[in-house]
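The values are calculated or read from the model by the stated rules, or taken from the named source; none is laboratory data. Only a predicted model underlies this, so the values are computations on that prediction, with no experimental measurement involved. We place every Cβ from the backbone using ideal geometry, glycine too, and count neighbours over all the protein chains shown.
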Amino acid sequence: MSARPTSRRCSGHTDRLVDEIVDWATGVAGVPVSVGVLETETGLIAPLVRQGREPGLPGHFFLNMQRELSDLPPVPRLPPGFTMRPVEPGELPARAALHRAVWTPTLTDGTFAAMAARWPYRPEFDRVVVAPDGQLVSYILGWYDDVNRVGEFEPVGTLPQYRRRGLSRALGISLLHAFRDAGARRALVYARGDDDYPVARQVYGALGFRTHGRVVQYRLP
């Protein structure tokens, strides 16, 4: 059998799958949705264009950054009195409070506990730094795809008064080791790529991540 008919069948299957996903998301949202895709994913872009969508150029955008896990640096030492470890079951309210303090006040204790009780959350990939007084002050949450053997960073945060002490860097490297120990070959993260918020890509670049592609939003006119 030639490759051409097979390619057409695969393309048709992808088109139908994209249509079904977009229809589902639109039904849940109740309004037309924009769809973010990596600029290298031509097989997903084509059906979006056939739907009449056009690439948008928002003021900010995200980069897909990746790194291999074959050669990792050692986990850095923390400042005296600080410790780093996976989050413990009894700390979920404190862990949720840390996320709220860093990012958004909308995450409730109940929502975080419900997420932590479901797949694919795994506590060994939810790592925290504990200050000398016992307060959780920095965290990184990882998600591991054991089928494709890829780990993802999302999200990462440190309380403002504890930044610039190397805490997030140490957490990031420790998570890379945890991914590799679990069998991962590669790690990825989606970081802001625009100059309005350059810190994220600089931090991940220092951890060995390199840009793999830009996320583009496809919208209906």
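Which residue is farthest from Thr42 (Cα to Cα), if the candidates are limited to segment 182-221 and must be assigned to a helix (DSSP H, G or I) and in contact with a helix residue (DSSP H, G or I) (Cβ under 9 Å, 6 or more places away or on another chain)?
Initially, segment 182-221 is screened for residues assigned to a helix (DSSP H, G or I), giving 182, 199-206.
Pick out the ones that are also in contact with a helix residue (DSSP H, G or I) (Cβ under 9 Å, 6 or more places away or on another chain) and you get 182, 203-204, 206.
Details: Ala182: 31, Val203: 29, Tyr204: 26, Ala206: 29 Å.
Checked segment 182-221; the qualifying residue farthest from Thr42 (Cα to Cα) is Ala182.
Is it the case that segment 132-153 has a residue that's at pLDDT 95 or above, under 26 Å from Leu78 (Cβ atoms), in a helix (DSSP H, G or I) and assigned by TED's automatic domain parsing to the domain that holds Glu91? Checked against the condition, which is being at pLDDT 95 or above, under 26 Å from Leu78 (Cβ atoms), in a helix (DSSP H, G or I) and assigned by TED's automatic domain parsing to the domain that holds Glu91, segment 132-153 yields no hits at all. The strands (runs of 3 or more DSSP E) found wholly in segment 1-99 and carrying at least 1 residues that are over 21 Å from Tyr204 (Cβ atoms) and modelled with pLDDT of 95 or more occupy 83-86. One residue alone among Gly213, Gly183 is small (Gly, Ala, Ser), more than 16 Å from the chain's Cα centre (by Cα) and under 24 Å from Val147 (Cα atoms), and that residue is Gly183. Listed by first and then second residue, the pairs linking a residue in segment 73-91 that is more than 22 Å from Phe179 (Cβ to Cβ) to a residue that is surrounded by fewer than 17 Cβ atoms within 10 Å (Cβ to Cβ) and not charged (D, E, K, R), with Cβ atoms under 6 Å apart and 6 or more places separating them unless they lie on different chains, are Gly81/Pro132.
Look through segment 84-118, keep the residues that are buried (at least 16 other Cβ atoms within 10 Å of the Cβ) and small (Gly, Ala, Ser), and return whichever of them is nearest to Ile140 (Cα to Cα). Per the criteria, the residue is Ala96.
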